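A.B. asks: Quick one: the structure is below, questions incoming.
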Amino acid sequence: MVLVSWNVPMTVAENIRKIRESKELSLDEVASRAKISKTYLWELERDTAGEKKPSADVLLRVATALSTTLAELLSLETVTVQDRKVQLPPALKEFQDRMKAQKAPLSEDDLRDLAVMKFRGGQPRTADDWQQLYLLLKNSVGRPKS
């Protein structure tokens with residue numbers, strides 16, 4: 001079964017406020033997590049005219065603080081596909097086995113995310129390359145170990 005959903009366009013300001021409020025987070029909490037001032041976050045939330053031009057870094061930090069994506073904050077069209085079976089490349093399977101042996105198994109979500117990831121049409125070719133990619137991604141988004 002494939003489920004497809006499309007985002008309805010909203011301003012960045014509306015999206016930040018809507019997501020923050022739906023998660024029952026205060027301005028202080030989000031600002032602290034995003035490492036920006038509460039005043040700046042308040043200004044971003046009220047900028048329905050789109051006059052503020054926050055940097056990509058600030059938007060990424062706000063998205064991370066809200067546990068969402070840049071695509072959702074920016075109202076970019078996205079497609080969600082559920083219940084998709086993905087074949088594991090042999091090198092990824094080897095990396096999965098290595099992580100199990102080290103008593104740090106990959107979560108199903110991490111494994112699925114890695115398996116569908118492509119860069120310029122290709123994927124890592126060795127277990128070491130998969131490990132480097134995994135560590136880079138894990139460290140860049142600050143997710144806890146699986």
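Each reported figure results from applying straightforward, stated rules to the coordinates on display, with no laboratory input. Everything numeric here is computed off the predicted structure, so don't read it as measured data.
A.B. asks: Would you mind checking the radius of gyration and Dmax of segment 90-141 based on alpha-carbon positions, in Å?
C.D. replies: When restricted to the Cα atoms of segment 90-141, Rg and Dmax are 10.4, 32 Å.
A.B. asks: Which ³J(HN,Hα) values in Hz, rounded to whole numbers, follow from the phi angles of segment 105-122 under the Karplus curve 6.51 cos²θ - 1.76 cosθ + 1.60, where θ = phi - 60° and Gly and Pro get x?
C.D. replies: Going residue by residue, I get x, 6, 6, 4, 5, 4, 4, 4, 4, 5, 5, 8, 6, 9, 10, 6, x, x Hz, with x marking Gly and Pro.
A.B. asks: Here's another thing I want to ask about it. Which of rounded, prolate or oblate describes segment 12-73 when judged by the alpha-carbon gyration tensor and an a/c cut-off of 1.5? All intermediate terms of the calculation are to be shown ahead of the outcome.
C.D. replies: Values: a/c = 1.20, a/b = 1.18, b/c = 1.02.
Cα axes put segment 12-73 in the rounded bin.
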